[in-house]
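Inspection log for the structure reproduced underneath, given as structure tokens.
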Amino acid sequence: MSNITIYQSNGEEQLFVKKTKEQLAPVSPEAQQHTIVIDEEQTFQEMDGFGASFTDSAAYLIHQVLETEQRSELMTQLFDANEGIGLSVLRQPMGASDYARDFYSYNDLPEGQSDEELKQFSIAHDEDDMIPLLQEALRLNPDVKLMGSPWSPPGWMKTSGSMIGGELKPEYYSVYANYFVRYIQGYASHGLPIYAVTPQNEALYSPGHYPGMIMLPEAQSEFIKNHLKPQFVKNRINTKILCYDHNWDKPDYPMTVFEQAEDAVDGVAWHWYGGKPSAQSDVFEAFPGKEVHFTEGSGGEWIPPFEQAFSNVMRTGIEILRNHSKSYVLWNMALDEKNGPTVPGFGKSTCRGIVTVNQQTKELTYTLDYYALAHFSKCVRPKALRVASTSNDLIRSVAFKNTDGSIAAVLFNDSEAPESVAIQLRGEEALQLEMPAKSALTVMLANS
């Protein structure tokens, strides 16, 4: 492999900087040597890619607050694989989430009314900001895949009568299945295919101040098997159905859905706000035919900026990918200087976007999450296969073989000291590099 490209992040002033192997040659005689053996013969999951979410808030900030030139530059930096970092997975809220300027679904009605035939159904809200941005993302990167996840059905379908709290009334299961069909058809009419959906975001958490709903595994199984999947089949929709969409700490939930919904469900979506990434492997090993996706992880003010926040996205991202995930999706693509906008009554937001759009000054800032994602998305391209690589608690690694034959390895030095690494491909001379403490490297090895 004669063509070597290296990107390094080493502190907040040095994020995703292109380096030569000479610049990173080992200099600390006391640094411990770690050999990272990459075995491209041993392959695992095929990647869909990396990304975030154009929430209502993010879409508004990028589409309406930024000037045209800023927006164009940002979209190129996000989605163009050559000029930018080539993001390729977008998980889109179906209706309002916590990061929306107001409460809305695709079928809002006055209290006491219902619409079982969905005559009032409309995705018009999304046509203002989200849909134009998604079309632009797809134009810049034809590999982009879209996922849809609702925070809540319309209030009239729920026991609470509101988008806050409650559960889906059993008599509305088939109506709600049609709601998904109409959403997918509506987006398709704008040239936007929906690759996958989840029946409910964070199905075990019912927030008191923003849209949400409890959907227990038995209810989700029933909804998927007897309503959602049959409607997809009837309408010739091949969108994947991923269950759960919640934290690592309850792996029994997706296992129950896999047992009960069987072939009607394609895989599981995970979040990082509880438990450990190894839960992904536990479920995958029990149900190897089911896909693994990671659909939401947010950074924010609760973690100090570079160490630990940048380190967390790198360390956790590597572990997510080593545990069979086909995707790695963070949360808001953009938030403002107050970590918003959020729905009315939300209170103080501490989340961090991939970029910050200051509503007062219109200044655009790329956050550390952007550079951390870049370490994965720039060189690990859609359809890459994960290959075996040695990894330990000090030097974490994950490696991939792209469709063009190039090898991409993402490394993170999780120790408090500089470490020396030797990246070893079969039949090739080892590449010797030094990694400062808590630094990240992406190494791309290609035949010239």
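Per residue, the range 331-448 exposes 35 Å² of accessible surface when a 1.4 Å probe is rolled over the protein heavy atoms with every protein chain present. Taking other residues whose beta carbon is less than 12 angstrom from the beta carbon of P418, and scoring Lys, Arg as +1 and Asp, Glu as -1, yields -3.
Summarising the strand pairing of the chain, around 55 percent of its internal DSSP beta bridges are antiparallel. FRET efficiency for the pair E337 and N82, taken as 1/(1 + (r/R0)^6) with r the Cβ-Cβ distance and R0 = 41 Å, rounds to 0.85. If you plug the beta carbon distance of S122 and S174 into 1/(1 + (r/R0)^6) with R0 = 22 Å, you get a FRET efficiency near 0.65. Listed peptides 25-32, 324-331, 250-257 appear in the order 324-331, 250-257, 25-32 once ranked by packing, highest mean of other Cβ atoms within 10 Å at the front.
Inter-part distance, the range 180-201 to the range 358-424, computed on C-alpha centroids, equals 30 Å. Let's test the formula: R0 of 22 Å, r as the Cβ-Cβ distance of W302 and T365. What FRET efficiency results, to the nearest 0.05? Working from the Cβ atoms, E equals 0.70. Simple spin-label estimate for Q32 and N226 gives 5.6 nm between the two label positions (7 Å along the Cα-to-Cβ direction from each Cα). For the range 122-270, the fraction of alpha-carbon pairs lying more than 26 Å apart is 24 percent, rounded to a whole number.
Rolling a 1.4 Å probe over the protein chains gives I85 an accessible area of about 10 Å². Ignoring any ligand, DNA or RNA, what whole percent of the accessible area of the chain comes from carbon and sulfur when the probe is 1.4 angstrom? Exposed carbon and sulfur together represent 46 percent of the surface. Each Lys or Arg adds one and each Asp or Glu subtracts one; over the other residues with Cβ under 12 Å from the Cβ of E40, this totals 0. Fully extending the segment from R426 to K348, taken as 0.36 nm per residue of separation minus the present Cα-Cα distance, adds 22.9 nm.
Once both labels are positioned 7 Å from their Cα atoms along Cα-to-Cβ, the gap between A188 and R101 label points is 3.1 nm. Between E218 and A286, what is the label-to-label distance in nm when each label sits 7 Å out along the Cα-to-Cβ direction? Each label point is offset 7 Å from its Cα along the Cβ direction, giving 1.7 nm.
In plain terms, the chain from A388 to T43 could stretch by 123.6 nm, reckoned as 0.36 nm per residue minus the Cα-Cα distance.
The values are calculated or read from the model by the stated rules, or taken from the named source; none is laboratory data. Everything quoted here is computed from the prediction, not taken from an experiment. Backbone-built Cβ (ideal geometry, glycine too); neighbour counts: all protein chains shown. Surface areas here come from the heavy atoms of the whole protein model, side chains and all, with no ligands, DNA or RNA. Shrake-Rupley method; radii C 1.70, N 1.55, O 1.52, S 1.80 Å.
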